[in-house]
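Input: a single structure, listed below in structure tokens.
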Amino acid sequence: MRNTNRRSNRNTKPAEKKENGPKKPLTTASFVVKRSDELLNFLLGKYEGKLSRNSVKKLLSDRKVLVNGSMTTQFNYPLAKDDEVAIAKNPIRTRPVRSAVPAPAVPSIKPYIIYEDDEFLAVNKPAGLLSVESDKDSTCAYQMAVEYLKKNGAQSRPYILHRIDKETSGVLVFAKDIKIHSMLKMHWNEDVTMREYYAVIDGHPEEESGRLVHYLKENQNHAVYVTKDPRGKKAVTNYETVSTSKDYSLLRVVIETGRKNQIRAQMNEIGHPILGDDKYAGIPSPIGRLCLHASVLEFIHPITKKPMRFTAPVPSEFKSVISKNR
């Protein structure tokens, strides 16, 4: 297949942008949870010999403790492996309620649920929704899942197994059991057997299918880029062409590594960025969104050892992009 690279004269490295918006809370300490625990017990362990029990409890009551970016005062808040606990310099005041203006309601995640049982909650996350909250946006799939479980009488919170980009749609799975979450996170890369995506890219790859192997690093603006430095994180992406049009190609993509933005960065590196990828290439999208979708996530259940497979159908708009461009 011919190589149609209409971006050969463009700079393919992600531009460094200055970001405006709410500043990230100043923190005095940050910890990553290594195994499941309760918040107070975890903090007592971290501050053993440095702060008294009452002083640690005061950090919580003073609203200075954040878990995954969200402030909590709950002593027995359940922590899971890879949760991030930070201590703010000043008390956190989240979503202040003005006298005449009610706090905005958290959108419902129910329409997006594709699977649920006692152990897992899987959703087809829409494009434009964060997996977990950021410094600038508290509306996210995780918070929606928290509210959904509360309304349904669940006794525990959802636990984050993985993330997908805000601009990417598709399968996002939460564990509902802290033990299963911890077991999966201990060997996540070994337990995951399939991570499939679909993407609409600019142009046509020289080869109809291929295997991309690159090393990735992250700049100060948190943009991932390809480097020749083997000290970077190795990213492996397999692709095959499903269909083509005059200017675009629809690819089925299977990744062997779960690096941040790896598909976007690697496709941009070979001169065929994903449509709508403003972060890496500035290629416009005919459908007003990033044309990347997580279609399948499959992993081995840590207890039953049976495969768990979650699927979200490819957006019909992806196929229409191709058919309208013939």
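Computed from the coordinates by the stated procedures, all read-outs in this text should not be read as laboratory data. Just so we're clear, the structure is a prediction, and the values are computed from it rather than from any experiment. Don't worry about glycine lacking a Cβ; one is built from the backbone with ideal geometry, like all the others, and counts go over all protein chains shown.
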Kirkwood Rh and Cα-based Rg: tell me the resulting Rg over Rh for the chain, rounded to two decimals.
0.99
Taking every pair of alpha-carbon atoms in segment 27-88, give the share separated by more than 18 Å as a whole percent.
21
Treat the count of other C-beta atoms within 10 Å as a stand-in for reagent exposure and order 280, 115, 239 from fewest to most.
115, 280, 239
In debye to the nearest 20, how big a dipole does the chain give about its Cα centre with +1 on each Lys and Arg Cβ and -1 on each Asp and Glu Cβ?
960
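Beta carbons within 10 angstrom, averaged per residue: use that to sort the peptides 192-200, 241-249, 148-156, highest first. Show your work: numbers first, answer last.
Values: 192-200: 20.8, 241-249: 17.6, 148-156: 12.2.
The most tightly packed comes first, giving 192-200, 241-249, 148-156.
For segment 27-88: lysine pairs with Cα atoms under 19 Å, gap of 8 or more or different chains, count? Walk me through the numbers before you get to the answer.
On the way: 34/46; 34/81; 46/57; 46/58; 46/64; 46/81; 50/58; 50/64.
The number of close lysine pairs in segment 27-88 is 8.
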Can you sort 213, 296 by how many other beta carbons sit within 10 Å, fewest first?
213, 296
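Ratio of alpha-carbon Rg to the 2.2 N^0.38 Å globular estimate for segment 215-310, to two decimals, please. Display every interim value, and only then the final one.
Numbers: Rg = 15.5 Å, N = 96, 2.2 N^0.38 = 12.5 Å.
Ratio of Cα Rg to 2.2 N^0.38 Å: 1.24.
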When only alpha-carbon atoms are used, what values of Rg and Dmax, in angstrom, describe segment 143-241?
17.8, 54
